[in-house]
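The values are calculated or read from the model by the stated rules, or taken from the named source; none is laboratory data. Remember, predicted model here, so these are calculated numbers, not experimental data. Note: ideal-geometry Cβ built from the backbone for every residue, glycine included; neighbour counts use all protein chains shown. Please note that ligands, DNA and RNA were not included when accessible areas were found on the heavy atoms of the full protein model with its side chains. Shrake-Rupley method; radii C 1.70, N 1.55, O 1.52, S 1.80 Å.
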Amino acid sequence: MALIDSLVEQGWLKTPRIIKAFRKIKRIDFLPKDMKDLAELNEALPIGYGQTISQPLVVAFMLELLEPKPGDKILDIGAGSGWTSALLAHIVSDGELNEKLKMKNEKLSGKIIAIDIVPELVEFGEENVAKYNFLEKKIVEFICADGSKGYKKEAPFDKILCSAEAKEVPQAWKDQLKIGGRIVTPIGSSIWLFIKKSSEQLEEKEYPGFVFVPLVNRD
């Protein structure tokens with residue numbers, strides 16, 4: 001937990017529900033066998049097929065920008081190892097809040113749609129996320145598809161997270177996002193936050209100085 005403690009101390013992790021998810025969802029469970037001893041490194045690590053599991057500092061920063069909340073439906077593009085999907089699933093299905101809602105005969109309907117274009121990584125991600133029962137509870141659903149097209153079947157989404165570098169924000173993401181929703185994605189060497197103010201207007205903010213693998217799509 002030294003890594004998470006340092007992310008909190010350095011101000012990368014701020015929100016209690018996100019910190020709680022980082023402490024519960026262990027990064028080691030999402031690494032290939034030969035990488036597990038590197039789980040506490042604050043670095044991106046290869047998971048095969050030219051993809052990586054993102055640097056913890058970067059994941060923390062992106063989730064803080066995304067502001068996931070219990071009950072959200074989130075599209076997780078470039079899901080890869082499944083780590084971000086599981087972190088988000090823990091947040092949107094918050095157990096303590098669900099217990100309170102059960103007393104009122106209510107239940108959270110949070111869901112994560114995890115998309116990756118590489119079939120082997122979809123299988124790897126599913127195996128990893130299954131360790132936390134999110135598949136069994138239907139909180140996470142994995143899809144093998146081109147994430148640049150979003151996932152119209154489950155739209156609209158409260159939030160969209162992309163963990164690979166896009167050239168621009170695809171129109172499909174804008175169309176499939178609820179008004180008031182947030183998109184967090186790398187474009188070039190920056191992380192961008194987009195907030196949908198109306199059907200035609202996106203407020204945007206750039207945070208430069210990051211490096212990502214490119215988003216693979218089918219042109």
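Of note:
- The residue that is least open to solvent (accessible area, probe 1.4 Å), among those in the stretch 191-219 that are farther than 12 Å from GLY181 by Cβ and at pLDDT 90 or above, is ILE191.
- Residue check for PHE134: farther than 15 Å from ILE77 by Cα, buried (at least 19 other Cβ atoms within 10 Å of the Cβ) and either aromatic (Phe, Trp, Tyr) or in contact (Cβ under 8 Å) with a residue 40 or more places away in the chain (or both): yes
- Residues of the stretch 54-104 that turn out to be at pLDDT below 95, out of contact with any Leu (no Cβ under 8 Å at 6 or more places or on another chain) and closer than 21 Å to GLU136 by Cβ, as a count: 4
- Restricting attention to the stretch 143-165 and to residues that are among the hydrophobic types (A, V, I, L, M, F, W, C) and surrounded by 21 or more Cβ atoms within 10 Å (Cβ to Cβ), the residue that is farthest from ARG27 (Cα to Cα) turns out to be PHE157.
- Meeting the requirement of 3 or more residues that are of a type in the set (A, V, I, L, M, F, W, C), the strands (runs of 3 or more DSSP E) wholly within the stretch 117-219 are 140-144, 157-162, 177-187, 190-196.
- Residue match in the stretch 57-67 (condition: part of a loop (DSSP other than H, G, I, E, B) and not acidic (Asp, Glu)): no
- The stretch 49-74, subset of a type in the set (Ser, Thr, Tyr) and farther than 18 Å from LEU13 by Cβ, residue surrounded by the most Cβ atoms within 10 Å (Cβ to Cβ): THR52
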